[in-house]
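**Student:** Sending over a structure as structure tokens; questions will come in a sec.
Coordinate-derived values only; no laboratory data. What you see is a predicted model, and the numbers here were worked out from it, not measured in a lab. As a convention, Cβ positions derive from the backbone with ideal geometry for all residues, glycine included, and neighbour counts pool all protein chains shown.
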Amino acid sequence: MGLEVHVLGTSSARPTNIRQVSGSLISCDEGIVVVDAGEGFQSRFSTQRKRMKNHESYHLKSSKVSVLCLTHGHLDHTWGVLPWLQSMSLDNRNQPLLIIGPTSSKVVDSLLENSNMPDDVPHSDLSLQFQFWHKLGGTSENLGYQVRWVLGDVEGDRWLEFDTSTGKVIELSNQPQPEGWRNNRLDALSTVHTIPSCAWKLSTKEKPGKFDRMRAVELGLNDEQRAQLAAGDDVLHNGKTLHAKQFRGTNFQSISAVISGDTSEMAPGITQLSECNLLIHEATFLNDWSQHAEDYLHSTAAGAARTAVKCNAQHLVLTHYGARIKVPNDSIEEAKEVLSNTNIQVTAAWDGDRLIIGDDGLTTHLYWRDNGWSR
């Protein structure tokens, strides 16, 4: 299984009659990652789940969600968090959930020192929202399932966890991963916005190629010998050593998906990547509003394309359109101008779309068409 992204909101700042605010899912073989949960996220998740049930062979289940990754604290990315947590409680969820997002180094210091927050902490900083949600019942004790609340200074790689049962803050040695995960990894990537922000990267580990069971059977190996080879151990058979690696196909390479959140172009955490298979990047403005992008630390479609070139992305998907962009045709054209001398593919997301990254690293963009998905 590769990775599959579900885009559940492509609007910036506020919902429109055709677009909802930010919220996405990334499905892998160990669970589901939610990236941002703006207003109405619980309903959008439910709608997508019903679509999958009606049109596809596998289902999206909230019980499979292992982690909620927040890119920053603006409400169009966070206002649906607490209602969604409460909905899962009503559904009798019992699986643990990791909630993780960025804050500033000043906030990390203040929380660890148990001192007053700095005066210049924005009202939308996730540290304040976390504590507000705790007061409104967003704790393991009230929800009925384990919730870990983690904040990090992404650039400094400093992480802390709220212990809601004691009110204390605990410093962590590194960025935590979802419970039980072994084959996939989450990484926060520093971005540039008006408040602390980050992108999120989900990557798979390299996997051994398919085991050639028929060859082992043809050689007359017994069950124990076949199991040894499949586990990677060499086997002695008829006086000859059979090497396990000769019974495996080509290894499956690591694949990755990055979701940017709000950021100006060329964010350092993204551009330092040597490559990624899929980059989903905000494209709030067109070129004629590039000054607004600079002033408000957002990106144009062309800026998203320049970022994709720098991080060697194979496929760029534009999202998070400003209110002036009704149909993203111009966004695509402006991005294509930047990408004209590259092999990078570019598409534009609509609410409900799916992006499937195969084991070969290639991305297929499936568009939601009211009665199913198509290319």
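**Student:** Would you pull out the residues with amide H under 5 Å of residue 346's amide H, same chain only if 5 or more places away, H placed 1.01 Å from N?
**Tutor:** Amide H neighbours of residue 346: 316.
**Student:** While we're on this one: Kindly flag which residue pairs out of 201/310; 61/207; 207/245; 64/168; 135/168 have an alpha-carbon separation exceeding 19 Å in this structure.
**Tutor:** On the way: 201/310 16 Å; 61/207 26 Å; 207/245 13 Å; 64/168 29 Å; 135/168 14 Å.
Check vs 19 Å cut-off fails for 61/207; 64/168.
**Student:** Here's another thing I want to ask about it. Count the DSSP beta bridges whose two residues both fall in the chain, then state the antiparallel fraction as a percent rounded to the nearest 5.
**Tutor:** Around 60 percent of the beta bridges assigned by DSSP in the chain are antiparallel ones.
**Student:** Sorted by average packing, counted as other Cβ atoms within 10 angstrom per residue and highest first, what order do 20-29, 328-337 take?
**Tutor:** Order by mean packing, descending: 20-29, 328-337.
**Student:** Check residue 353: other-chain or 5+ apart residues with amide H under 5 Å from its amide H, H built from backbone geometry?
**Tutor:** 7, 368
**Student:** Using the alpha-carbon atoms, what tilt in degrees (0 to 90, nearest 10) does helix 301-310 show relative to the longest principal axis of the chain?
**Tutor:** 40 degrees
**Student:** Still on this model: What are the ³J(HN,Hα) values, in whole Hz, obtained from phi via the Karplus relation 6.51 cos²θ - 1.76 cosθ + 1.60 with θ = phi - 60°, for each residue of the range 141-148 in sequence order, with x given for Gly and Pro?
**Tutor:** 3J(HN,Hα) across the range 141-148, in whole Hz: 5, 7, 7, x, 9, 6, 10, 9.
**Student:** Here's another thing I want to ask about it. R0 = 41 Å: FRET efficiency of residue 140 with residue 245, Cβ-based, nearest 0.05?
**Tutor:** 0.35
**Student:** Quick one: net charge around residue 205, please, counting Lys, Arg +1 and Asp, Glu -1 for every other residue with C-beta under 12 Å from its C-beta.
**Tutor:** 0
**Student:** So how tilted is helix 126-135 from the main axis of the chain? Cα-based, degrees 0 to 90, rounded to 10.
**Tutor:** Result, in degrees: 90.
**Student:** Counting other beta carbons within 10 Å of each residue's own, what order do 30, 224 fall into, fewest first?
**Tutor:** Starting with the residue having the fewest Cβ neighbours, the order is 224, 30.
**Student:** Could you work out how much longer the chain between residue 179 and residue 92 gets when fully extended? Use 0.36 nm per residue separation minus the Cα distance between them, nm to one decimal. Let's see the in-between values first.
**Tutor:** Details: separation 87, 0.36 × 87 = 31.32 nm, distance 1.90 nm.
Extra length available between residue 179 and residue 92 comes to 29.4 nm.
**Student:** Here's a follow-up. Arranged from highest to lowest average of other beta-carbon atoms within 10 Å per residue, in what order do the peptides 38-48, 254-264 appear? Intermediate values should be presented prior to the final figure.
**Tutor:** Details: 38-48: 20.2, 254-264: 25.0.
Descending packing order for the listed peptides: 254-264, 38-48.
**Student:** Follow-up. Quick one: putting +1 on the C-beta of Lys and Arg, -1 on the C-beta of Asp and Glu, what dipole do you get for the chain around its Cα centre, in Debye to the nearest 20?
**Tutor:** 1340 debye
**Student:** Of the options 137, 82, 5, report the single residue whose Cα projects farthest towards the positive end of the charge dipole of the chain (beta-carbon charges: Lys, Arg +1; Asp, Glu -1).
**Tutor:** Value computed over the given set: 5.
**Student:** Which net charge results for the neighbourhood of residue 269, defined as the other residues with beta-carbon distances under 10 angstrom from its beta-carbon, given Lys and Arg at +1 and Asp and Glu at -1? Mind showing how you got there, number by number?
**Tutor:** Details: positive: 201; negative: 155, 187.
Summing Lys/Arg as +1 and Asp/Glu as -1 gives -1.
**Student:** How large is ³J(HN,Hα), in whole Hz, for each residue of the range 248-259 in order, when computed from phi with the Karplus curve 6.51 cos²θ - 1.76 cosθ + 1.60 and θ = phi - 60°, using x for Gly and Pro?
**Tutor:** 3J(HN,Hα) across the range 248-259, in whole Hz: 10, x, 4, 4, 7, 6, 5, 10, 8, 10, 10, 10.
**Student:** Still on this model: Under the rule of at least 5 residues apart or a separate chain, name every residue whose amide H is placed under 5 Å from the amide H of residue 255.
**Tutor:** Distant-sequence amide H within range of residue 255: 204.
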